[in-house]
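Each remark here refers to the structure printed beneath this line.
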Amino acid sequence: MSKRAIFLKLLLSGAFFWILISFVQTNQLVQIISRIDWLYFILSFVLIPVMLVVSCLKWKMVLDLQEKKIPFFRLIRIYLIGYFFSNLLPSTVGGDVARSYYSGKIINNQSFSAIAIFIERFSGVFLLFFLVIFSPLIKTDLYSSPYIYVPAVGSFFLILVTLWIWRVQNPLGLPHHLAQLVFSFLFKIIPFPGLISIITVLEKKYQAVHRRLEKLHSELGSAIRTIRKDRSLLVRIICVTVLFHLLTWLNVYVAFLAFDVKPQFLGICALVSTVLFVAQVPVTLLGNLGFFESVFVFYFMLIDIPGAETLAMALLLRLKMLTIGGVGYLVYLSYSDAKYIGEEFEQL
């Protein structure tokens, strides 16, 4: 990531927080934080290791298909290191890349390590697509808002695209050929240098997207072949993935209770998946700092939870992310094989 992109994303983080603070009266936020319920506050932090264990359990299920097994406690340490890279460093080295690298070193198989990360991540994202569509039905009136049904339509489209990529042997062949013809035609007929430079930028963007889709198709095929080795693995992955999403709902609910805010739990269940789906858009750095909190505030106003109360809850979630990232940094410093890779990560 270039310095300009890093600066722009940090600027966007600041802009989102400025909007939040201007939208939510500071005295209201201070008042809400001052009435903190320490029992639920502590319980909220207790949920951190529970969710971490569940995530690592799914990861270990896949990795254990290899002969060389990684001890569960060591996987947790690697997961924490990945969390540090994802949430505390404005770098191109993502947490998944770090996890893939360190686990791959242990099993001496970087390719399978990357597949295991893909299965662990993709299973959660794929279920999230379904939850974005169906969980708002818990409160059907939510579907009157475009902020609910537009993400649902987007999720439905992504499900269809995923199934298409999985089922078709070469799904990108014809679209890629047509795209190349279109760009070639545009370069021939457009005489203006300014427009040519714009088309060139668009072509580069398209090529980057095409490479990512090709990688997705390859990884998806590898993942399916991996799961077919043990059909019971699929059932276990689904069960653990469902459990993790239930914990995400509970995590938000308990974070609200920590500030003596008592929303309907079904309202939480109806909205959280959509919020997490929208918050995945990589707008800012450091775990979408600023944007993540803004999405929560905006969406929970749909079920009449005031902005200040939701912002307090979202800031607690952010504090928990920073805490996990901080622990991950300490683990990173003490990890026997740890070193900042940089170029070595980029080659994976």
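Just so it is clear, none of the values below were taken in a lab; they were calculated from the coordinates. These numbers come from a predicted model, not from an experiment. All Cβ positions, even for glycine, are placed from backbone atoms using ideal geometry, and neighbour counts span all protein chains on display.
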Handout entry: Nonlocal amide H pairs with residue 37, under 5 Å, H built at 1.01 Å
Key = 259, 260
Handout entry: Residue-wise HN-Hα coupling along region 154-164, computed from phi with Karplus coefficients 6.51, -1.76, 1.60 (Hz; x: Gly, Pro)
Key = x, 5, 4, 4, 5, 4, 4, 4, 4, 5, 5
Handout entry: Amide H partners (placed H, <5 Å) of residue 230, local residues excluded
Key = none
Problem - Per-residue HN-Hα couplings for region 236-247 [Karplus 6.51, -1.76, 1.60; θ = phi - 60°; Hz; x = Gly/Pro] - result: 5, 4, 4, 4, 5, 5, 4, 4, 5, 5, 4, 5
Handout entry: Listed residue pairs exceeding 23 Å between alpha carbons, taken from 58/262; 215/320; 69/215; 60/105; 69/320
Key = 58/262; 215/320; 69/215; 69/320
Practice task
Quick one: order 112, 85 by neighbouring beta-carbon count within 10 Å, fewest to most.
Solution key: 112, 85
Completion exercise
Between residue 260 and residue 213, the FRET efficiency computed from the C-beta separation at R0 = 45 Å comes out, to the nearest 0.05, as 0.45
Exercise for the section: Give me the number: length gained by fully extending residue 141 to residue 67, i.e. 0.36 nm times residue separation minus the C-alpha to C-alpha distance, one decimal in nm. Expected result: 21.5 nm
Problem - For region 96-101, Karplus couplings with θ = phi - 60° (6.51, -1.76, 1.60), whole Hz, Gly/Pro x - result: 5, 5, 5, 4, 4, 5
Handout entry: Pair residue 121, residue 170: separation of 7 Å Cα→Cβ label points (nm)
Key = 2.7
